[in-house]
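Visitor: Let me begin by handing over the structure; questions about it come next.
Read the figures in this text as sums done on the coordinates, not as results from a lab. These numbers were taken from a predicted model, which means no experiment stands behind them. Here the Cβ positions follow ideal geometry from the backbone for every residue, glycine too, while neighbour counts run over all protein chains shown.
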Amino acid sequence: MEDKIFDIYINPYCFRIKKPMKSHSTHIYCLIHGWSGNEKSMSIFSSSIPDDSIIIFPRGPLQLGENEYAWADIRNIAKPMFDDYAKISSGLFISIQELFQSLNLQTINEKFNLIGFSQGAAISTVLSILHPDKFHKVALLSGFLPSNPPTLKPKALSSNNYYIAHGTQDTLVEFEKAIEVKNYLEEYNATTKFCQEDLGHKIGATCMKNLKLYFQT
């Protein structure tokens with residue numbers, strides 16, 4: 001299926017949009033890159049998404065180098081905590097809603113899907129906690145839960161559905177971080193599916209296959 005690809009700026013974020021030319025699909029996916037990535041680096045996961053979907057790729061606001069961006073600065077001794085990620089995520093969410101309205105993609109009450117890798121998975125986790133009624137499915141790839149997350153009401157995430165994938169040999173974001181986020185989400189009654197492979201900081205063939213199946217069902 002032929003796609004229309006274009007870039008758009010919604011202050012303060014740049015987005016790349018991939019939209020099927022001949023489809024009127026209402027299925028929308030937001031793919032959020034990790035540390036040193038950009039709006040093009042998440043395209044590897046596009047094959048896991050149904051062909052008739054609209055995909056948006058936001059670019060992190062923090063520039064690290066040429067074509068390298070991030071969402072939160074982890075270079076300082078004091079690492080960003082949940083509240084720091086919440087501020088960033090809230091700004092991104094507002095820009096995404098403005099993007100939807102400007103492109104007439106959906107009404108403001110419709111749900112969409114998230115896929116985040118590494119730091120982008122942390123952003124996706126925070127987004128889904130702050131706005132649990134806004135997302136259909138959320139895939140957290142090689143991600144983590146920022147420290148000091150909030151205590152929520154019982155069953156606060158009962159409508160949330162997550163796919164979590166992580167490499168057991170990951171030295172950048174330890175495998176235990178995936179268990180931590182899984183336990184936190186399930187504590188508040190979220191539905192989770194878990195995939196692990198004997199890999200480092202990347203997603204292997206098995207978890208990629210399962211990611212595609214996750215969004216097909």
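Visitor: What number, in percent, do you get for the relative contact order of the chain if the mean sequence gap of Cα pairs under 8 Å and at least 6 apart is divided by its residue count?
Guide: Over the chain, the number comes to 17 percent.
Visitor: What is the antiparallel percent of DSSP beta bridges lying wholly in the chain, to the nearest 5?
Guide: Approximately 40 percent, going by the DSSP bridge assignments.
Visitor: Something else about it: DSSP loop (so not H, G, I, E, B), at most 13 other Cβ within 10 Å: list which chymotrypsin sites (Phe, Trp or Tyr not before Pro) in the stretch 176-217 pass both filters.
Guide: Filter output for the stretch 176-217: empty list.
Visitor: First obtain the Kirkwood hydrodynamic radius of the stretch 3-216 from its Cα pairs, then insert it into the Stokes-Einstein equation at 4 °C and 1.567 mPa s, and state the resulting D in µm² per second as a whole number.
Guide: Rounded, D is 75 µm²/s.
Visitor: Ignoring everything except DSSP H segments at least 4 long, calculate the 222 nm mean residue ellipticity for the chain; use -39,500 (n - 2.57) per segment, divide by total residues, nearest 500.
Guide: -9000 deg cm²/dmol
Visitor: Going by amide H atoms built from the backbone, whose H comes under 5 Å of the H on residue 32, apart from near neighbours?
Guide: Excluding prolines and chain starts, which carry no amide H, the hits are 115, 116, 117.
Visitor: Right, another one. What is the extension gain from residue 5 to residue 87, computed as 0.36 nm multiplied by their sequence separation minus the C-alpha to C-alpha distance, in nm to one decimal?
Guide: Once the chain is fully extended between residue 5 and residue 87, it gains 26.6 nm.
Visitor: Over the chain, with a Gaussian network built from C-alpha contacts below 10 Å, which listed residue (113, 189, 148) shows the highest mean-square fluctuation?
Guide: 148
Visitor: Still on this structure: Output ³J(HN,Hα) for the stretch 116-133: one whole-Hz value per residue in order, computed from phi by the Karplus curve 6.51 cos²θ - 1.76 cosθ + 1.60 with θ = phi - 60°, and x for Gly and Pro.
Guide: Each residue's phi maps through the Karplus curve to give x, 10, 6, 5, x, 6, 4, 4, 5, 4, 5, 4, 6, 7, 6, 10, x, 8 Hz.
Visitor: GNM on the chain, C-alpha springs below 10 Å: top fluctuator among 31, 141, 130?
Guide: Fluctuation is largest for 130.
Visitor: In addition: With θ set to phi - 60° and the Karplus curve 6.51 cos²θ - 1.76 cosθ + 1.60, what are the ³J(HN,Hα) couplings of the stretch 148-164 in order, to the nearest whole Hz, using x for Gly and Pro?
Guide: 6, x, x, 7, 9, 5, x, 6, 4, 10, 5, 8, 8, 10, 10, 10, 10
Visitor: List every residue whose amide H lies under 5 Å from the amide H of residue 202, counting only residues 5 or more places away in sequence or on a different chain, with H placed 1.01 Å from N in the peptide plane.
Guide: Residues meeting the amide H criterion: 167.
Visitor: Work out from phi, with θ = phi - 60° and the Karplus expression 6.51 cos²θ - 1.76 cosθ + 1.60, the ³J(HN,Hα) of each residue of the stretch 31-38, listed in order in whole Hz, and give x for Gly and Pro.
Guide: Computed from phi, the couplings for the stretch 31-38 are 10, 10, 6, x, 4, 6, x, 7 Hz.
Visitor: Still on this structure, please answer the following. Taking amide hydrogens as modeled 1.01 Å from N in the peptide plane, which residues meet the under 5 Å criterion relative to residue 193, leaving out close sequence neighbours?
Guide: 162, 163, 164
Visitor: Further question: Could you tell me which of 204, 160, 192 has its Cα farthest along the dipole of the stretch 136-217 towards the positive end, charges placed at Cβ (Lys, Arg +1; Asp, Glu -1), taken about the Cα centre?
Guide: It is 160.
Visitor: With a cap of 11 neighbouring Cβ atoms within 10 Å, and only residues DSSP puts in a loop, list the trypsin sites (Lys or Arg not before Pro) found in the stretch 1-98.
Guide: Qualifying residues, ordered by number: 22, 75.
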